[in-house]
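Novice: Take a look at this one; I'll ask things after.
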Amino acid sequence: MIRAVLILACCTVVGACATEQKVVWTRADGRPVVQALLEIDQTDCRDEGQKKTDFLDVSDKAKPQRAQSNADKFAACMVEHGYMAAK
């Protein structure tokens, strides 16, 4: 039983790695990317994306409310930090 659980866990980890997409980030202003600063900004944006911020404002019903995915929040945060995704 334990062996089956471990095999299932390993398959899940391998499957998750296979579907993960790597995004190459470049500076929007054309400056070279400093790897240490990129990692700090990515960590900051990952933390920001995991915060619960999808609170509905009941007093403002005119605006359409849309929940953003963590990936959308991460990308928006990286843009705010001056990066853009390279294609």
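What follows draws every value from the coordinates through simple rules; no lab data is involved. All of these numbers come straight from a predicted model, not from anything done at the bench. Cβ coordinates were reconstructed from backbone atoms using ideal geometry, including for glycine residues, and neighbour counts include every protein chain displayed.
Novice: Suppose each label sits 7 Å from its Cα in the direction of the beta carbon; what would the Met84-Ile2 distance come out to in nanometres?
Specialist: In this crude label model, Met84 to Ile2 measures out at 5.4 nm.
Novice: Right, here's the next one. By how many nm would the segment from Asn70 to Lys51 grow when fully extended, if each residue of separation counts as 0.36 nm and the alpha-carbon distance is taken off?
Specialist: Gain on stretching Asn70 to Lys51: 5.9 nm.
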